[in-house]
Amino acid sequence: MDLDAVTKQSVLHAKPDGLVLQYGTAGFRTKAEHLDHVMFRMGLLAVLRSKQTKSTIGVMVTASHNPEEDNGVKLVDPLGEMLAASWEEHATCLANAEEQHLPRVLVDISEKAAVDLHQDAFVVIGRDTRPSSERLSQSVIDGVTVLGGQFYDYGLLTTPQLHYMVFCRNSNGQYGKATVEGYYQKLSSAFVELTKQAFCRGDDHRTLKVDCANGIGALKLAEMKHYFSPGLSVQLFNDGTKGKLNHLCGADFVKSHQKPPQGIEMRANERCCSFDGDADRIVYYYHDADGQFHLIDGDKIATLISSFLKELLLEIGDGLSLGVVQTAYANGSSTRYLEEVMKVPVYCTKTGVKHLHHKAQEFDIGVYFEANGHGTVLFSKAAETKIKQLAKESEDEKRKAAKMLENIIDLFNQTIGDAISDMLVIEAILALKGLTVQQWDALYTDLPNRQLKVKVADRQVISTTDAERQVVKPPGLQEAINDLVKKYRLSRAFVRPSGTEDIVRVYAEADSQENTDSLAYEVSLAVFQLAGGIGERPQRGF
Ligand code: 16G
Ligand code: MG
């Protein structure tokens, strides 16, 4: 390591005095103007991680659903997964080191992680459409270069596309070709193959309206849509030509406000969906004939997908295990439906894709979705091998099911939730089952729910256990929540410190919206009183 060169370059990417940032649930995220030094340093870190793993590492510049003025960065590990937890700590140390300590911190990390400094390093870089992203990705490149790493800059990519590229490169192309074209081809040929039956039945031309959050998803879907037409035609809205990124649109807006985005024309009973700003989240929705809005969130997506998979698994009858992974935010009705009606085992993990992803890896086929629309399906190597074998050898009906599963394996992005890939799977299932969006929605009825935020002096005073469903500290808070929950029917509530904002989140569910809102308010008040609330007290009726 040429530490003198690092010191010299680092001056050009100086850290603002006193700024402390943490590698959170999905990397660093804050106002773009504070991130130049972080980007440079993540370039340095990616080189060390690449040397240590002897693999290609990814760096993605995006702040997902956050406002356009923000930005962020996350590293992608060799198998296309999120960065390992021990390296998140290294990332935080490196980002916060004062200029004069930078060389020492680099040496420390290399020693602690036993990095072989003679090893070559290769880093691939992607970025979203934010105005600041191009400049910030140049700072990543500066960091990579000064430590002697090689790089390839993909330029504009969705987050899941970058994850895909990393995995392709580290699997010697076995997972697919590490180009945007390769991504389009892999997904669309699996889609076309899977839907052949449905589309030749005559219910061909299907249309879907997609709100692209004025983000990168619009560019990529516009390039890709010719690959899967005429079976499916997608109409893009909020494609970035007029509106602002994530402003009054996108999956996060639709899910949290439970209303349609601006800038989309919805007619009664038309199927619509929204991506978030970096296209790793998707939610569906529609207006019924009475003009009422219906949201189909990640829970209902997981239900549709797992019931389809379960049918195929019964058909091939090979004892492959299927499990569904959710978080505490999953609507109680979805969990009940999965467990009691579908008889599928359901597990709950902490919030954040990496937690769900790791749990899902325990099954032959692991379906994971957060209610907010992050999710995918993972197939174990053993399951994949078995399915491929059955698709070649077994008798007719079995083979048909195995072939479908084979296409589904290719269609799901196995590295991380991917709005484009999820959308294609959902569209394929709806077409094959001949389901309308209303029929899908009617699988179960969501319990009324409410999410609120509470400001406290230090959100770390709250610690939780049981996949964030129980508070351990401060004392008395869990007991207070228990007493409040008892007042209502079909009720549930939990609180957790946010991993991305300086607030505590409150979630409540009950038999009616009125009761849910009361419960959410009362729990917020308990947090405010017992966990050091600041500013205005929570108000009833918000
Ligand atoms: C991040 C996570 C998302 C999670 C959210 C929770 C990834 C890629 N993203 O956006 O999964 O739902 O954080 O935010 O892991 P919160 O901690 O502020 O509630
Ligand atoms: Mg996102």
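Would you point out which residue out of 73, 38 is in contact with a helix residue (DSSP H, G or I) (Cβ under 8 Å, 6 or more places away or on another chain), within 16 Å of ligand 1 (Cβ to nearest atom) and outside any loop (DSSP other than H, G, I, E, B)?
After applying the criteria, what remains is 73.
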For segment 372-394, enumerate the residues that are small (Gly, Ala, Ser), under 20 Å from residue 306 (Cα atoms), surrounded by fewer than 21 Cβ atoms within 10 Å (Cβ to Cβ) and out of contact with any Asp or Glu (no Cβ under 6 Å at 6 or more places or on another chain).
382
Hey, can you tell me all the residues within segment 126-166 that are surrounded by fewer than 24 Cβ atoms within 10 Å (Cβ to Cβ) and in a strand (DSSP E or B)?
150, 151, 152, 153, 154, 155, 156
Which one is farthest from ligand 2 (Cβ to nearest atom), of the residues in segment 57-75 that are open to solvent by 10 Å² or more (accessible area, probe 1.4 Å) and over 22 Å from residue 112 (Cβ atoms)?
69
Restricting segment 275-300 to residues that are part of a loop (DSSP other than H, G, I, E, B) and surrounded by 19 or more Cβ atoms within 10 Å (Cβ to Cβ), the residue that is nearest to ligand 1 (Cβ to nearest atom)
280
Breaking point among (1) under 18 Å from the mean Cα position of the chain (by Cα); (2) away from ligand 2 (no atom under 16 Å from the Cβ); (3) open to solvent by 10 Å² or more (accessible area, probe 1.4 Å), for residue 305
(3)
Is segment 219-232 home to any residue that is outside any helix (DSSP H, G or I) and either in contact with a Leu (Cβ under 7 Å, 6 or more places away or on another chain) or in contact (Cβ under 8 Å) with a residue 60 or more places away in the chain (or both)?
yes
Between a first residue in segment 386-403 that is assigned to a helix (DSSP H, G or I) and a second residue that is among the β-branched types (Val, Ile, Thr), which pairs have beta carbons less than 6 Å apart while being 6 or more apart in sequence or on different chains?
390/316; 398/316; 401/316; 402/316; 402/387
Kindly state which strands (runs of 3 or more DSSP E) lie completely within segment 422-523 and contain at least 2 residues that are open to solvent by less than 20 Å² (accessible area, probe 1.4 Å), within 30 Å of residue 63 (Cα to Cα) and among the aliphatic types (A, V, I, L, M).
492-497, 504-509
When segment 524-536 is checked residue by residue, the ones that are surrounded by 14 or more Cβ atoms within 10 Å (Cβ to Cβ) and assigned to a loop (DSSP other than H, G, I, E, B) are 531, 532
I'd like the residue in segment 241-267 that is open to solvent by 40 Å² or more (accessible area, probe 1.4 Å) and in contact (Cβ under 8 Å) with a residue 60 or more places away in the chain and, out of all such residues, is nearest to ligand 2 (Cβ to nearest atom).
252
Of the residues in segment 14-43, those that are more than 16 Å from ligand 2 (Cβ to nearest atom), open to solvent by less than 60 Å² (accessible area, probe 1.4 Å) and among the hydrophobic types (A, V, I, L, M, F, W, C) come to 14, 19, 21, 32, 35, 38, 39, 40, 42
Step by step: first the residues of segment 43-70, then only those that are in a strand (DSSP E or B) and more than 16 Å from ligand 1 (Cβ to nearest atom), then the one that is farthest from residue 132 (Cα to Cα). Which residue is that?
56
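The values are calculated or read from the model by the stated rules, or taken from the named source; none is laboratory data. This structure is a prediction, so every number in the text was calculated from the model and none was measured. Because the Cβ atoms are built from the backbone with ideal geometry, glycine has one as well, and the counts that use them run over all protein chains shown. All accessible areas refer to the heavy atoms of the entire protein, side chains included, with ligands and DNA or RNA removed. Shrake-Rupley method; radii C 1.70, N 1.55, O 1.52, S 1.80 Å.
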